[in-house]
Structures are given as structure tokens and as C-alpha cells.
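The values are calculated or read from the model by the stated rules, or taken from the named source; none is laboratory data. All values reported here derive from a predicted model rather than from experimental measurement. Every residue, glycine as well, gets a Cβ built from its backbone with ideal geometry; the counts of neighbours run over all protein chains shown. The accessibility values were calculated without ligands, DNA or RNA, using every heavy atom of the protein model including side chains. Shrake-Rupley method; radii C 1.70, N 1.55, O 1.52, S 1.80 Å.
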Amino acid sequence: VTITGKVTSETNEGLPGVNVVLKGTTQGTTTDINGDYSLAAPDANGTLVFSYIGYTTQEVPVGGRTVVNISMVPDVQALSEV
């Protein structure tokens, strides 16, 4: 199954370079310059983990979907530490 989607910032702009990994596996990818990604998965029942510097890591259950779009949430604590 191929899972695709778009990762956006809080201002609805595509985020390039976001890590997208199928939880519990080594299967992963990164988003392109527009925030789009495509990931091959054994089935559509896993959980995707989205991580990006300055943003809170998010775990999103796929739940049988083939398109998973998310909006990343800024990690205010990490930004204030920098």
C-alpha cells in the first residue's frame, strides 16, 4: 500500500524535510520541497510518526487511509531553549 500526503506548518505552508516513519519499522521518507511525501507500507493499519526540528513529534494512525495530511504544531519549549 502506498500512503501519500502533505505536511504543513501552522500557517498552512508545505514543510520540506519532515521525517515520516512507519512506527516500529525502518521504513520512512522525508517530505519534498512542497511538503508532499509518499511511503510504501505493508498495509494501511500502521501509525505514521512525523518529526521535524522546532515542531512537536506527532503520531498519526493510518486507519486504512491512503492519504494522510497533517499540520505540524510548533514546539514552543524547544524553540525557547534555542
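Key figures for this structure:
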item	result
Hey, Val49 at pLDDT 95 or above and in contact with a Ser or Thr (Cβ under 9 Å, 6 or more places away or on another chain) or not	yes
Filter result for Asn34 (open to solvent by 60 Å² or more (accessible area, probe 1.4 Å), in contact with a strand residue (DSSP E or B) (Cβ under 7 Å, 6 or more places away or on another chain), not in a strand (DSSP E or B) and not β-branched (Val, Ile, Thr))	yes
Unique residue being among the aliphatic types (A, V, I, L, M) and in contact (Cβ under 8 Å) with a residue 24 or more places away in the chain when the list is Val1, Val76	Val1
Filtered residues of the range 50-82 (kept if within 17 Å of Val1 (Cα to Cα) and either open to solvent by 40 Å² or more (accessible area, probe 1.4 Å) or assigned to a strand (DSSP E or B) (or both))	Val60, Pro61, Gly63, Gly64, Arg65, Thr66, Val67, Asn69
